[in-house]
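Down below is the structure, laid out as structure tokens.
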């Protein structure tokens, strides 16, 4: 399907004849923005075309909205023999299984049946019934997915299993974009996949990329300090934009696979990691896990965590010991 490509093009003269270029397009259901520094506008534009083409190729694999995506074709096979999968899909399935095990089964790509159920409920401004959730939970669980890495094949041992990579693939896509730009000798760049951000070297003359942190339940209100990051990734997760309110209770779009319900804690999570894929799934898991377990998990993964939550109508902050080191040291 032909997509409308929208470029936001802002050349700014800098030292060493580098210019700042910003390109944006709607990808994977969210704004996908690439900012890079280059001396040649044509080469910058060509590199960005290649990056958006790369993101489209990933969307053709991982989108659960498209009936012709690889994952939907795969799950349509149901209880069949082992089916071959692409290298990209196999890699993310393996990474997802590792994340599932590390996160005490709170991050689970097999929640697709629950995802579809809650999407329908949001559109109807209601919540699923207990019987609907019970049925969808029977079709959820990583143990229902079998993987053979040697033959690059997978199979299901239960009918109705659907896959949802929404908690990992945007970070992966942003990481792939930055990795691709490095092959083009573009080493000062940032890729923002709807809040999952990966960056390489900072802008010329800067110590890092300035990143703001949202507060829970606030679309526009930010934490009073900004992050200053380089050569890493940062992912955020919360319920500011996607949620369901039913009988006065707010259910996040983030589903706890153990209960089948959207998370109800008012929590905004920010994770900093060396890799976009890891930052993405950690942000999802840390939105579900009890705060003490979330802090323990990110410490084990050598990542950093910031949780802003609401307790007794007040914002309360929890941070990993290393998080403060990522804040700006001085005012710009």
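Quick notes on this structure:
- Exclusive hit being in contact (Cβ under 8 Å) with a residue 12 or more places away in the chain, closer than 24 Å to residue 191 by Cα and surrounded by fewer than 24 Cβ atoms within 10 Å (Cβ to Cβ), set 256, 275: 275
- Residue match in region 93-110 (condition: farther than 18 Å from residue 259 by Cα, without any contact (Cβ under 8 Å) to a residue 40 or more places away in the chain and either in a helix (DSSP H, G or I) or touching a strand residue (DSSP E or B) at 6+ places or on another chain (Cβ under 9 Å) (or both)): yes
- Residue 246 being closer than 18 Å to residue 167 by Cβ, surrounded by fewer than 17 Cβ atoms within 10 Å (Cβ to Cβ) and at pLDDT below 85: no
- Residues in region 285-308 that are closer than 18 Å to residue 254 by Cα and over 18 Å from the mean Cα position of the chain (by Cα): 290, 291, 293, 308.
- Just one of the listed residues (282, 305) is touching a residue at least 24 places away in the same chain (Cβ under 8 Å), in contact with a helix residue (DSSP H, G or I) (Cβ under 8 Å, 6 or more places away or on another chain), in a strand (DSSP E or B) and under 23 Å from residue 170 (Cα atoms), namely 305.
- Of all the numbered requirements in (1) within 26 Å of residue 142 (Cα to Cα); (2) without any contact (Cβ under 8 Å) to a residue 60 or more places away in the chain; (3) buried (at least 23 other Cβ atoms within 10 Å of the Cβ), residue 299 misses one, and that requirement is (3).
- Out of 131, 66, 80, sole residue that is assigned to a loop (DSSP other than H, G, I, E, B), more than 12 Å from residue 162 (Cα to Cα) and out of contact with any helix residue (DSSP H, G or I) (no Cβ under 8 Å at 6 or more places or on another chain): 80
- Residues that are touching a residue at least 24 places away in the same chain (Cβ under 8 Å) and either outside any strand (DSSP E or B) or under 21 Å from the mean Cα position of the chain (by Cα) (or both) were ranked within region 319-330; the one that is farthest from residue 225 (Cα to Cα) is 320.
- Residue 85 falls short on exactly one of the conditions (1) crowded, with 17+ Cβ neighbours inside 10 Å; (2) under 30 Å from residue 250 (Cα atoms); (3) in contact (Cβ under 8 Å) with a residue 60 or more places away in the chain, and that condition is (2).
- All positions within region 285-294 that are part of a helix (DSSP H, G or I) and surrounded by fewer than 18 Cβ atoms within 10 Å (Cβ to Cβ): 291, 292, 293
- Some residue of region 186-204 being out of contact with any strand residue (DSSP E or B) (no Cβ under 9 Å at 6 or more places or on another chain) and part of a loop (DSSP other than H, G, I, E, B): no
- Count - residues of region 134-144 that are under 18 Å from residue 163 (Cβ atoms) and in a helix (DSSP H, G or I): 7
- Just one of the listed residues (264, 270) is within 29 Å of residue 136 (Cβ to Cβ) and touching a strand residue (DSSP E or B) at 6+ places or on another chain (Cβ under 9 Å), and it is 264.
- Residue 61 touching a strand residue (DSSP E or B) at 6+ places or on another chain (Cβ under 8 Å), surrounded by 14 or more Cβ atoms within 10 Å (Cβ to Cβ), modelled with pLDDT of 95 or more and closer than 26 Å to residue 255 by Cβ: no
- Against the test of being more than 27 Å from residue 279 (Cβ to Cβ), touching a strand residue (DSSP E or B) at 6+ places or on another chain (Cβ under 7 Å) and not in a loop (DSSP other than H, G, I, E, B), the options 121, 44 yield a single qualifying residue, 121.
- Counting only residues that are surrounded by fewer than 17 Cβ atoms within 10 Å (Cβ to Cβ), under 25 Å from the mean Cα position of the chain (by Cα) and under 25 Å from residue 67 (Cβ atoms), region 154-179 holds 1 of them.
The values are calculated or read from the model by the stated rules, or taken from the named source; none is laboratory data. Keep in mind that what you see is a predicted model, and the values were worked out from it rather than measured. Quick reminder, even Gly has a Cβ in these numbers, built from the backbone with ideal geometry, and neighbours come from all protein chains shown.
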